[in-house]
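Report on one structure; see the data block that follows.
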Amino acid sequence: MSGALTRAAVIGAARGWIGTPYRHQASLRGVGCDCLGLVRGVWREVVGPEPEAPGPYAADWAEADGVERMAQGAARHFAPVSPDAFSAGDVLLFRWREGLPAKHAGIATSPDTMIHAHDGASVCEVHIGSQWRRRIAFAFAFPGLND
């Protein structure tokens, strides 16, 4: 991509996915995606080609071995941010229960909202209420992001 990457560009790209139906392992805007597919698609739009393919994964992949695979993958390509100090345009990873690996992702659009893909629904922008906020396990900024 040419030019500096901005938070507005990340948010704009993510908002372009709103309404995309949930499809496990998919990453095609307007056709289908899961939470990882949303982040992958936004990456392609604002950064360029994906640096690695995630490979196939089951819906319960995180429970299988307890390894923080999603966070490890994100750490290879994104800049870590304190989960308590994320900004609009950052990727948030959520842990459903204490002791389990993070297995859900969203893209913050403000300190209180995010865009995500959730099983059984289309990509949408939602409020990060207390139920979401307490589950934030990791946060990452897109590489080369200029505020």
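The values are calculated or read from the model by the stated rules, or taken from the named source; none is laboratory data. Given the structure is predicted, the values throughout are model-derived calculations rather than measurements. Neighbour counts run over all protein chains shown; Cβ positions are idealised from the backbone, glycine included.
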Pairs under 6 Å by beta carbon, first residue in a helix (DSSP H, G or I) in segment 3-27, partner of a type in the set (Ser, Thr, Tyr), six or more apart or different chains?
-> ILE11/THR109
Residue check, LEU100 against (1) touching a helix residue (DSSP H, G or I) at 6+ places or on another chain (Cβ under 7 Å); (2) under 21 Å from ALA13 (Cα atoms); (3) not β-branched (Val, Ile, Thr), all met but one. Which one?
-> (2)
Could you tell me which numbered condition ALA59 fails, if it satisfies all but one of (1) of a type in the set (A, V, I, L, M, F, W, C); (2) surrounded by fewer than 21 Cβ atoms within 10 Å (Cβ to Cβ); (3) within 21 Å of GLU45 (Cα to Cα)?
-> (3)
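Return a yes/no flag: does segment 117-125 have any residue that is without any contact (Cβ under 8 Å) to a residue 60 or more places away in the chain and crowded, with 21+ Cβ neighbours inside 10 Å. Steps first, answer last, please.
Taking segment 117-125 as the starting set, the residues that turn out to be without any contact (Cβ under 8 Å) to a residue 60 or more places away in the chain are none.
Checked against the condition, which is being without any contact (Cβ under 8 Å) to a residue 60 or more places away in the chain and crowded, with 21+ Cβ neighbours inside 10 Å, segment 117-125 yields no hits at all.
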Index of the failed condition, HIS118 passing every other in (1) part of a loop (DSSP other than H, G, I, E, B); (2) more than 12 Å from the chain's Cα centre (by Cα); (3) farther than 16 Å from PHE78 by Cβ = (2)
Segment 73-83: number of residues that are assigned to a helix (DSSP H, G or I) and either modelled with pLDDT under 95 or more than 21 Å from GLY99 (Cβ to Cβ) (or both) | 3
Buried (at least 20 other Cβ atoms within 10 Å of the Cβ), within 23 Å of VAL126 (Cα to Cα) and among the small types (Gly, Ala, Ser), is that true of ALA85?
-> no
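Out of GLY30, GLY41, which single residue is modelled with pLDDT of 95 or more and either in contact with a Pro (Cβ under 9 Å, 6 or more places away or on another chain) or not in a helix (DSSP H, G or I) (or both)? Explain how you work it out, then say what you get.
On the way: GLY41 fails: either in contact with a Pro (Cβ under 9 Å, 6 or more places away or on another chain) or not in a helix (DSSP H, G or I) (or both).
After applying the criteria, what remains is GLY30.
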Within segment 89-110, can one find any residue that is acidic (Asp, Glu), without any contact (Cβ under 8 Å) to a residue 12 or more places away in the chain and exposed (fewer than 13 other Cβ atoms within 10 Å of the Cβ)?
-> yes
Complete set of residues in segment 112-143 that are of a type in the set (A, V, I, L, M) and under 20 Å from VAL81 (Cα atoms) = MET114, ILE115, ILE128, ILE136, ALA137, ALA139, ALA141
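Take PRO101 and decide whether it is modelled with pLDDT of 95 or more, over 18 Å from TYR22 (Cα atoms) and either of a type outside the set (S, T, N, Q) or not in a strand (DSSP E or B) (or both).
no
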